[in-house]
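These notes concern the structure reproduced below.
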Amino acid sequence: MSVTTNSEYGVRPRIWFAVYQLLWHLLLPFAFVRLAWRARHSFAYLHHIPERLGFGYDKPIQQGSIWIHAVSVGETRAAQPLIEAYLAQGKSILLTHMTLNGRRTGKQLFAKEIANGQIRQVYLPYDLCWSVEHFLNTFKPKFGLFMETEAWPTVVFRCAEIGLPLFLVNARLSERSARRVNRFGKAGRSLFQAFAGILAQTEFDAERYRSLGVQNVSIVGNLKFDVPLDAALVEQGKIWRQDLHRIGRQMVCAASTRDGEEEIILKAWKELLLSNAFVITPLLCLVPRHPERFSEVAEQINASGLIYRRRTEWPGTPKDCLGLDIVLGDSMGEMPMYYSAANLVVMGGSLLPFGGQNLIEACAAGCPVLLGEHTYNFQQASLDALQAGAAKRIHGNLLLGEPLALMESLKALLLNTAELAKMSDAARHYSIEHQGATQKILDALDQQNRSFT
């Protein structure tokens, strides 16, 4: 792959950038107010505040590390195989996040490496010119890798200006996002042109980046297929599933649900239970996407009249589900357990226009998937899963909160155990067949970085 020089492409638009910086400085107090507001749920939101301004780093500072930015939980998990590959080469990693949950996930995945200093974990500073400048001068990374969709203008343009190679890896761009970028005209397009290279998940994504004038684009596949499932959590899920099957119960996991989707799911579940189609009623495991909504969703379940219990009320593997309609998955980092215990997954973010959440992890656990109409964030993965027979689409207008289509899809599959078994096998094969993105990314980055030295 050839490297496009930053003198030709990705030039910082001066007037636009000046306005952008002015807005950031005006809105900075509100960013801290937002952190304080979120601290109602966890005081940890107020930890490491100076890092968000590019200061306050504990010493020693190791320079020349490989910088990987993973904004939140999904990006951090997706980066895991890439980080592990670089660690195996003896490289040091500077791992940055924007969210508290992303930082928590990184600490959970790499506690040993953080403790021994092989990984340094900090917040990416707010996109102010002086905070970014101090961050870059402090750590002086060898090169940078931004995961999936992150493109902060100050960071991207400044890296281009100082000759620090910054790549967008595991990159994806929906049609909606591409249209939004184009609304900013040359200023929006120049942002993506300023990356040293973009390593896209699919041909769909690559073509959209090329439509923005990006020349150095390659297709490497999706890192999420290479993310290993936690073996201990998978085993816990299998034990839970065996316990449920002993009493003849099936479990549906509504995974990573978003605001408004729980109402649809609860209505559908109530209708399903009232249909009297099952000798032994199935169990719903409802797992909201954002932990700050756990209590809100608990109130919704309580208002529905369905009997539930929180996952966190059980030590170890959940037990004694007799008499329960719902388990509220109010825990962090346990999705492999939920998927391994479930007979079927309803993928959150796809029932309403949020773009869908990650179905790949469910398929890796051998769990069939029900998708809503809105999967533009995982367009190729969803199409491939549907074609492979690992997933089925719910057809019906869920935007109006109408649960009938979801209820009928659930009932049809739960009553057809042979079809579920066939989909489960297809899901495992699908997840295995699409592995290999990690090595492709390593090879591409090695080739490109040689061009900079």
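Condition check: surrounded by 20 or more Cβ atoms within 10 Å (Cβ to Cβ), touching a Gly at 6+ places or on another chain (Cβ under 9 Å) and farther than 30 Å from Leu286 by Cα. Does Phe192 satisfy that? Against the criterion (surrounded by 20 or more Cβ atoms within 10 Å (Cβ to Cβ), touching a Gly at 6+ places or on another chain (Cβ under 9 Å) and farther than 30 Å from Leu286 by Cα), Phe192 qualifies. Look at (1) open to solvent by 30 Å² or more (accessible area, probe 1.4 Å); (2) touching a residue at least 40 places away in the same chain (Cβ under 8 Å); (3) of a type in the set (A, V, I, L, M) and you find that Leu383 fails only one, number (2). Within region 306-325, is there a residue that is buried (at least 21 other Cβ atoms within 10 Å of the Cβ) and closer than 17 Å to Gly237 by Cβ? Looking for residues that are buried (at least 21 other Cβ atoms within 10 Å of the Cβ) and closer than 17 Å to Gly237 by Cβ, one finds at least one in region 306-325, hence yes.
Residues being farther than 16 Å from Trp240 by Cα, part of a strand (DSSP E or B) and of a type in the set (Gly, Ala, Ser) are entirely absent from region 261-269. Quick one: in region 412-446, of everything that is in a loop (DSSP other than H, G, I, E, B) and within 21 Å of Asp226 (Cβ to Cβ), which residue is most open to solvent (accessible area, probe 1.4 Å)? Looking at the filtered set, the residue picked out is Gln435. The set of residues in region 143-189 that are buried (at least 18 other Cβ atoms within 10 Å of the Cβ), in a loop (DSSP other than H, G, I, E, B) and hydrophobic (A, V, I, L, M, F, W, C) comprises Ala151, Trp152, Leu164, Leu173.
So that you can scan it fast, the table gives a plain yes or no per residue for (1) closer than 22 Å to Arg104 by Cα; (2) modelled with pLDDT of 95 or more; (3) over 22 Å from the mean Cα position of the chain (by Cα):
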site	(1), (2), (3)
Val279	no, no, yes
Val287	yes, yes, no
His290	yes, no, no
Lys319	no, no, yes
Val327	no, yes, yes
Ser331	yes, no, no
Met337	yes, yes, no
Ala342	no, yes, no
Val346	no, yes, no
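Scanning region 326-358 for residues that are aliphatic (A, V, I, L, M), in a loop (DSSP other than H, G, I, E, B), touching a Leu at 6+ places or on another chain (Cβ under 7 Å) and buried (at least 23 other Cβ atoms within 10 Å of the Cβ) yields a single hit, Leu351.
Residues are listed down the side, and each one gets a yes or a no for (1) part of a strand (DSSP E or B); (2) open to solvent by 30 Å² or more (accessible area, probe 1.4 Å); (3) touching a residue at least 40 places away in the same chain (Cβ under 8 Å):
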| site | (1), (2), (3) |
| --- | --- |
| Arg77 | no, yes, yes |
| Ile83 | no, no, no |
| Arg104 | no, yes, yes |
| Ile114 | no, yes, no |
| Val122 | yes, no, yes |
| Asp127 | no, no, yes |
| Glu133 | no, yes, yes |
| Pro141 | no, no, yes |
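How about region 137-174: which of its residues are more than 21 Å from the chain's Cα centre (by Cα) and of a type in the set (S, T, N, Q)? Answer for region 137-174, where residues must be more than 21 Å from the chain's Cα centre (by Cα) and of a type in the set (S, T, N, Q): Asn137, Thr138, Thr154. Within region 20-42, the set of residues being touching a helix residue (DSSP H, G or I) at 6+ places or on another chain (Cβ under 6 Å) and open to solvent by 100 Å² or more (accessible area, probe 1.4 Å) comprises His41 only. Checked against (1) open to solvent by less than 10 Å² (accessible area, probe 1.4 Å); (2) within 25 Å of the chain's Cα centre (by Cα), Leu229 passes all but a single condition, namely (1).
If the requirement is being in contact with a Phe, Trp or Tyr (Cβ under 7 Å, 6 or more places away or on another chain) and polar (S, T, N, Q), which of these qualifies: Gln380, Gln387?
Matching residue, one of Gln380, Gln387: Gln380.
The values are calculated or read from the model by the stated rules, or taken from the named source; none is laboratory data. Treat the numbers as computed from the prediction; the structure is a model and nothing was measured. Note that we place each Cβ from the backbone using ideal geometry, even for glycine, and neighbour counts take in every protein chain shown. Remember, those area values only see protein heavy atoms, side chains included, never the ligands or the DNA or RNA. Shrake-Rupley method; radii C 1.70, N 1.55, O 1.52, S 1.80 Å.
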